[in-house]
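For reference, the structure is listed below as structure tokens.
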Amino acid sequence: MTVTAFASETEERFALARQVADAVLFEGYVLYPYRASAAKNRLRWQFGVLVPPGWGAECEEHDFQHTECLMEPKAGATLSVEVRFLHARRRTVQRVRPDGGFETVAELRLDDRVLVPWDEGGEERVEVVAPVDELLGDGVTHPFRRPAREETEPVLDAAGRTVGRLLRRCEEISGTIRLSARELDGPYRVLRLTAVVENTSDWTPSEARDADRDAALPHSLVATHLLMALSAGSFLSMTDPPEWAKGAVAACRNLHTWPVLAGETGTADLVLSSPIILEDHPAIAPESPGALYDATEIDEILALRTAALTDEEKREARGTDERAAAVIELADSMPAEVLERLHGAVRSLREATGPAPLAADIGFPDEHGVQRPDTPWWDPASEAGFDPAKDHVLVDGRPVGKGSRVELRPGLRRTDAQDIFLRGRTATVEAVLHDVDGGVHLAVTVDGDPGADIRREQGRFLYFQPDEVTLAEDDA
């Protein structure tokens, strides 16, 4: 394979993995309620922050990430690595003075937004491509640098007049990527790949006021993670390795990051090493209407809360950051059908409904961008013939139904402490229930429970499976 062809193919694979990597890159970028004034948006950048080494040994963050994983490259294979991070861009708001000059202000109020000082994040990417054979021994070292720069953007009012400007400044940052590989002993040709990303910036705090985290962030690599692809061969899962490789996987050192298989399920030629622990082949939920940047919340709740912000709160959010403004517009324009799709998605039903579609096959078949299955996983007509008040199930060869008295024998394999407390107590069966997976459950009230009548009125029972009860002596 030529270098050009490999680069093109790798770009296609990376493009798919970046859908998940972008979620890592911008995780916690701006939190609900999406305003710079919100307390939780004053401590920025929670994940993958590689600080300057001279900032001090006392800080809680680190100046490097160390990834180790196993790979089985074929002869002549090439490794392509892409390191991605955010470069903090400090934004200052300025207003036009009467004399035509500019002065820095705490805010600039416009009809549609309120502009305030803020740290934006500019995406940076560093690429390294090397034959696997060159990684053996001392490996490959690739230094990189991003210079300091400053730019301005005019701010116009509704009439098109210049009323201010945004002044953005990035500080110089530098780093190094170190790649090396070592062949392991054994019957298979397996290499342990080591990838280290370091912040090598020489910035150090010059005054006491520079010693805090806020001063170090413009010189840091933020939300750092890397993608690695083999042109020929495969990586081994670090989460679920084959039996013969478990010892070698356990010996790998991963510091401040964790590598998982990425790309389409069933493939193993791409790895994402992330500061957030993920499962193999992570994917964006097909129900997700767009980036909300705040994974501490459920999309449905977050969208509803965002739509319920006051007009003034939305103005400030729009002025905080372009991504925050996009979230406001998304919440305000989300159709009811899309919001409904966010409610009650059950991942465990995938096995019952067949394999999940490949990311490339996921389309938007209706006008709201909602993917709808060809057939439902559950047919309401299948409930015909079931009657919880009349159905029976065999226990010790005897029929048990509503009104039967049983002794509770909760099983250890699927119970909790609350159920174990009831071991040996007698109970009355209130209903026999069938779930959509074919399981049978006995709804019971415990004999002697002073709230039993209330439970019956409200339909709030305790549930046990048939093999967790025996017939009570007076019913045996």
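So that you can scan it fast, the table gives a plain yes or no per residue for (1) free of Cβ contacts under 8 Å to residues at least 60 places away in the same chain; (2) outside any strand (DSSP E or B); (3) surrounded by fewer than 17 Cβ atoms within 10 Å (Cβ to Cβ):
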residue: Asp99; (1), (2), (3): yes, yes, yes
residue: Ala106; (1), (2), (3): yes, yes, yes
residue: Asp119; (1), (2), (3): no, no, no
residue: Val128; (1), (2), (3): yes, no, no
residue: Pro154; (1), (2), (3): yes, no, yes
residue: Asp185; (1), (2), (3): yes, yes, yes
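So which residues in the range 309-340 are acidic (Asp, Glu) and closer than 19 Å to Asp299 by Cα?
Step one: of the range 309-340, the residues acidic (Asp, Glu) are 311-313, 316, 321-322, 329, 332, 337, 340.
Residues satisfying the conditions are Glu329, Asp332, Glu337, Glu340.
Where the second residue is outside any strand (DSSP E or B) and the first is without any contact (Cβ under 8 Å) to a residue 40 or more places away in the chain and lies in the range 160-182, which pairs have Cβ atoms under 7 Å and are six or more apart or on separate chains?
Listed pairs, sorted by first residue: Ser174/Thr200; Ser174/Ser201; Thr176/Thr200; Arg178/Gly139.
Could you say which residue among Val93, Val83, Val116, Val126 is within 30 Å of Asp311 (Cβ to Cβ) and at pLDDT 95 or above? Before the answer, list the steps.
Values: Val83 fails: within 30 Å of Asp311 (Cβ to Cβ); Val116 fails: at pLDDT 95 or above; Val126 fails: within 30 Å of Asp311 (Cβ to Cβ).
When all the criteria are applied, what remains is Val93.
Filter the range 45-90 down to residues that are charged (D, E, K, R) and in contact with a helix residue (DSSP H, G or I) (Cβ under 7 Å, 6 or more places away or on another chain) and give me whichever is most open to solvent (accessible area, probe 1.4 Å).
Step one: filter the range 45-90 for residues charged (D, E, K, R), giving 58, 60-61, 63, 68, 72, 74, 82, 84, 89-90.
Next cut, in contact with a helix residue (DSSP H, G or I) (Cβ under 7 Å, 6 or more places away or on another chain) only: 63, 82, 84, 90.
Values: Asp63: 50, Glu82: 2, Arg84: 3, Arg90: 77 Å².
By that ranking, first place goes to Arg90.
Are there any strands (runs of 3 or more DSSP E) wholly within the range 399-476 with 1 or more residues that are open to solvent by 10 Å² or more (accessible area, probe 1.4 Å), over 24 Å from Phe386 (Cβ atoms) and at pLDDT 90 or above, and if so which? Give the steps one after another, and end with the answer.
On the way: elements: 405-408, 426-434, 440-446, 462-464, 469-471.
It comes to 405-408, 426-434, 440-446, 469-471.
For Asp138, all conditions in the list (1) open to solvent by 60 Å² or more (accessible area, probe 1.4 Å); (2) in a strand (DSSP E or B); (3) under 15 Å from Arg178 (Cα atoms) hold save one; what is the number of the exception?
(2)
Listed residues Thr239, Thr224; which is open to solvent by 30 Å² or more (accessible area, probe 1.4 Å), of a type in the set (Ser, Thr, Tyr), at negative phi and under 27 Å from the mean Cα position of the chain (by Cα)? Write out each step before concluding.
Working: Thr224 fails: open to solvent by 30 Å² or more (accessible area, probe 1.4 Å).
Just one listed residue meets the conditions, Thr239.
Which of (1) farther than 30 Å from Ala251 by Cβ; (2) modelled with pLDDT under 95 does Arg169 not meet, given it meets every other one?
The number of the failed condition is (2).
Residues of the range 18-42 being farther than 13 Å from Ala291 by Cβ, open to solvent by 10 Å² or more (accessible area, probe 1.4 Å) and part of a helix (DSSP H, G or I), which ones?
Selection gives Ala39, Lys40.
Could you please find all residues in the range 123-144 being farther than 28 Å from Arg89 by Cα and under 29 Å from the mean Cα position of the chain (by Cα)? Quick ask: steps written out before the conclusion?
So in the range 123-144, the residues farther than 28 Å from Arg89 by Cα come out as 129-140.
Within the range 123-144, just Val129 meets the criteria.
Do you know which residues across the range 253-270 are under 16 Å from the mean Cα position of the chain (by Cα) and either open to solvent by 40 Å² or more (accessible area, probe 1.4 Å) or under 23 Å from Asn199 (Cβ atoms) (or both)? Before you say what the answer is, go through the steps one by one.
First, pick out the residues of the range 253-270 that are under 16 Å from the mean Cα position of the chain (by Cα): 257-263.
Across the range 253-270, the qualifying residues are Thr257, Trp258, Pro259.
All but one of (1) surrounded by fewer than 19 Cβ atoms within 10 Å (Cβ to Cβ); (2) in contact (Cβ under 8 Å) with a residue 12 or more places away in the chain hold for Leu302; which doesn't?
Of the numbered conditions (1) surrounded by fewer than 19 Cβ atoms within 10 Å (Cβ to Cβ); (2) in contact (Cβ under 8 Å) with a residue 12 or more places away in the chain, the odd one out for Leu302 is (1).
How many residues does the range 309-325 hold that are open to solvent by 60 Å² or more (accessible area, probe 1.4 Å) and not in a loop (DSSP other than H, G, I, E, B)? Steps first, answer last, please.
Just the residues of the range 309-325 that are open to solvent by 60 Å² or more (accessible area, probe 1.4 Å), to begin with: 310-312, 318, 322-323.
Keeping just the survivors that are not in a loop (DSSP other than H, G, I, E, B) gives 311-312, 318, 322-323.
Final tally of qualifying residues: 5.
Taking only the range 29-87 into account, find how many residues are touching a Cys at 6+ places or on another chain (Cβ under 7 Å) and free of Cβ contacts under 8 Å to residues at least 12 places away in the same chain.
Qualifying residue count for the region: 0.
The values are calculated or read from the model by the stated rules, or taken from the named source; none is laboratory data. Because the structure is a prediction, the values reported are computed rather than measured. All Cβ positions, even for glycine, are placed from backbone atoms using ideal geometry, and neighbour counts span all protein chains on display. For the accessible areas, the whole protein counts, side chains as well, though only heavy atoms, and no ligand, DNA or RNA atoms are used. Shrake-Rupley method; radii C 1.70, N 1.55, O 1.52, S 1.80 Å.
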